[in-house]
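**Q** My questions all concern the structure below.
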């Protein structure tokens, strides 16, 4: 009887109680801890003596090893100096040569981001002591490289985070209470519901479910769809309420993965969104632009700016490689996917090592000027969900040298004939890669010297790249962090910020124009398209994937006439007399060989592969190829299928 009572008592002591108890027992009195609280997926320890825990960081390390949870040290609010006092202390402490540009005080966490022009002057600098600074101000500090042109998107996000500080603190506590609650069941069953982006490209979305959790992975729209049933994720079929969702995990910022996310908030989603650090400003930029594009086309936007603002308040950003609890039985690790800035493969560790599921998202298994190749060294993986954008056997990309040579030839051919080259492009990823290529070859004289015009959204996205150098390719990262050189800046580039400047670009002689959107479905590119397409000496050069049903795809497939929505909702018919060309090698997706190489590289051997994000024929081909070559169970589902993983 006594034994049964003890067992009952053990059941009633929640994991959260055990965690808090372990922390309290492990912290010396000298640390002067005043509070332990949830901060989303982390345990926050508040102290009046942050210097003690900074100088004895083994205390926190040992605790993390014992409780297997993320711990952050926060300063007690009562010891924090005012923002003005802290700025004065910072100004005196920082070397003048470092050039302090701006500060952002996050009162919800007690962290201050300081942006300096030359951060390398602060690293390993004995005169600059971070522990002294924390002790003097009561704030923890994060050093970031100041961008050449300040990002309006990041400034707006910081302002909104500051204004919603108390709301965010309350939200983070509620998220933590849900994550660290006692488990309802010790049995592990894992299922995946396909809600969009299977046997198609667009509206990527799926639901990962266990007895404990419901995690929505990506939440996109299909830009080429002509009906709501094809355009949006089939959340209706999943038969869940938004309150049942524990979390939304976003792989990267593109609209086919995030375009429906603000709509969830419009209809009352209250939970967290997890993504990498650069993905938050990137998706914010893209989602706000989608509202403008819809309005310009005379359509009612799917959501409002208020909904996008709510997304940023409830988003929890994670660095690559950090193990994070997102529900009572699921841990998440984001790793570099090599597709665009901040793109991530998502590793879900389910139960007590019961099942490991990796979602590749859109990924590039090959290094580029901009990004490192996608990560592959997962400690364990039983099920892989892999994209198949280029999953057909004939989808073999040219080498980087070959595609750059083709690009030089194609552009020069038009410029020498007095024509203009229009490159429709997503603002994020391919645009920045292309800017570096153009600058390199114009400087070397291999591309005919001519003006390069780019739309304002591309310049803003480029500024966000500069703000997160740690997510870029090694050589690029070092250049940004260790020199005064901005590799994205060039004397050849002119940023177009208003309609008058757009007309000036069209009046110019031979030039290159880089504009969004990448599929000619809206945005500034259409204004250029109307003028450039009818003129024979011009060229439209596609360097990114064109989804079926989009105007870009129709032009690429040889249409000589297309209809677009003009001003005031009037239909305009555009004749296409100019040349059109597609170059595949700049893609941020893996080609067939890279997809197969990625699967081959994974260890230990996979148990199952699920294929998504590709036209049906390509998904089927990749699925069959993987099964035949690696003797792995593969499946290629449609939208609205349920798959039992474990």
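Values in this text are rule-based calculations from the coordinates and carry no lab data. Model, not experiment: these values are computed from the prediction. Backbone-built Cβ (ideal geometry, glycine too); neighbour counts: all protein chains shown.
**Q** Computed over the Cα atoms, what is the radius of gyration of the stretch 225-333 divided by 2.2 N^0.38 Å, N being its residue count? Numbers along the way, then the final one.
**A** Values: Rg = 14.4 Å, N = 109, 2.2 N^0.38 = 13.1 Å.
Against the empirical 2.2 N^0.38 Å value, I get 1.10 for the stretch 225-333.
**Q** Cα gyration tensor of the stretch 87-146, axes a ≥ b ≥ c as square roots of the eigenvalues: rounded (a/c below 1.5), prolate (a/b > b/c) or oblate? Don't jump to the answer; show the numbers that get you there.
**A** Working: a/c = 1.76, a/b = 1.28, b/c = 1.38.
Oblate, since a/c reaches 1.5 and b/c is not below a/b.
**Q** Sorting 355, 252, 211 on the 10 Å Cβ count, fewest up front, what's the list? Could the numbers behind the result be given before it?
**A** Numbers: 355 20, 252 29, 211 15.
By the 10 Å Cβ count, ascending, the order reads 211, 355, 252.
**Q** Could you tell me the extents of the stretch 30-79's C-alpha atoms along the three principal axes, largest first, rounded to whole Å?
**A** 29, 24, 12
**Q** If you restrict to DSSP beta bridges whose two residues both lie in the stretch 193-274, what percentage is antiparallel, to the nearest 5?
**A** On the way: 8 of 13 bridges.
In the stretch 193-274, approximately 60 percent of DSSP beta bridges are antiparallel ones.
**Q** Dividing the alpha-carbon Rg of the chain by 2.2 N^0.38 Å yields what?
**A** Details: Rg = 25.7 Å, N = 646, 2.2 N^0.38 = 25.7 Å.
Taking N as the residue count of the chain, the ratio is 1.00.
**Q** With a 10 Å Cβ neighbour count serving as the proxy for reagent exposure, in which order, fewest first, do 170, 214, 618 appear? Spell out each step's value before the answer.
**A** Details: 170 12, 214 18, 618 25.
So the residues, fewest neighbours to most, are 170, 214, 618.
**Q** Quick one: work out Rg over Rh on the C-alpha atoms of the stretch 357-417, Rh as Kirkwood radius. Please report the intermediate quantities before stating the final value.
**A** Working: Rg = 16.7 Å, Rh = 14.6 Å.
When Rh is taken as the Kirkwood radius, the ratio is 1.14.
**Q** How would 395, 236, 354 line up from fewest to most surrounding beta-carbon atoms within 10 angstrom? Mind dumping the intermediate values first?
**A** Details: 395 22, 236 11, 354 15.
Least to most surrounded, the residues fall as 236, 354, 395.
**Q** Round to the nearest 10 and give me the degree value, 0 to 90, for the angle of helix 592-601's Cα axis relative to the longest principal axis of the chain.
**A** Taking the Cα atoms of the chain, the angle to 592-601 is about 20 degrees.
**Q** Can you tell me the FRET efficiency between residue 118 and residue 474 if r is taken as the Cβ-Cβ distance and R0 is 22 Å, rounded to the nearest 0.05?
**A** Values: r = 20 Å, r/R0 = 0.89.
Efficiency at R0 = 22 Å is approximately 0.65.
**Q** So for the chain: antiparallel DSSP bridges make up what percent, rounded to the nearest 5? Don't skip to the end; give the middle numbers.
**A** Details: 45 of 95 bridges.
So the antiparallel bridges in the chain amount to around 45 percent.
**Q** Let a ≥ b ≥ c be the square roots of the eigenvalues of the Cα gyration tensor of the stretch 283-394; is it rounded (a/c under 1.5), or, if not, prolate (a/b larger than b/c) or oblate? Mind dumping the intermediate values first?
**A** Values: a/c = 2.20, a/b = 1.43, b/c = 1.54.
Oblate.
**Q** Take the Cα of residue 152, step 7 Å along the line toward its Cβ, and report every residue of the stretch 98-142 whose backbone nitrogen sits under 16 Å from that point.
**A** Inside the label zone: nothing.
**Q** Take the Cα radius of gyration of the stretch 507-646 and divide it by 2.2 N^0.38 Å, with N its residue count; two decimals is plenty. Spell out each step's value before the answer.
**A** Numbers: Rg = 20.2 Å, N = 140, 2.2 N^0.38 = 14.4 Å.
In units of the 2.2 N^0.38 Å rule of thumb, it is 1.40.
**Q** Next up: Alpha carbon centre of the stretch 23-83 versus the stretch 473-550: separation in Å?
**A** Each part's Cα centre sits 48 Å from the other's.
**Q** Rounded to the nearest 5, what is the percent of antiparallel bridges among the DSSP beta bridges in the stretch 30-79?
**A** Working: 6 of 12 bridges.
If we restrict to bridges inside the stretch 30-79, about 50 percent are antiparallel.
**Q** Could I ask something else about it? 7 Å from Cα along Cα→Cβ at both residue 72 and residue 173: what's the point-to-point distance in nm?
**A** Roughly 1.6 nm, to one decimal.
**Q** Stretched out fully, how many nm does the piece from residue 236 to residue 37 gain, at 0.36 nm a residue minus the Cα gap?
**A** In short, 68.0 nm is gained.
**Q** What's the center-to-center distance, using Cα atoms, between the stretch 381-434 and the stretch 342-379 in Å?
**A** Result: 23 Å between the Cα centres.
**Q** Does the stretch 400-582 classify as rounded, prolate or oblate by the C-alpha gyration tensor (a ≥ b ≥ c root eigenvalues; a/c under 1.5 gives rounded; else a/b over b/c gives prolate, otherwise oblate)?
**A** Numbers: a/c = 1.75, a/b = 1.53, b/c = 1.15.
Since a/c reaches 1.5 and a/b is larger than b/c, the shape of the stretch 400-582 is classed as prolate.
**Q** Between 0 and 90 degrees, rounded to the nearest ten: what's the tilt of helix 400-416 against the longest Cα principal axis of the chain?
**A** Long axis of 400-416 versus the principal axis of the chain: about 40 degrees.
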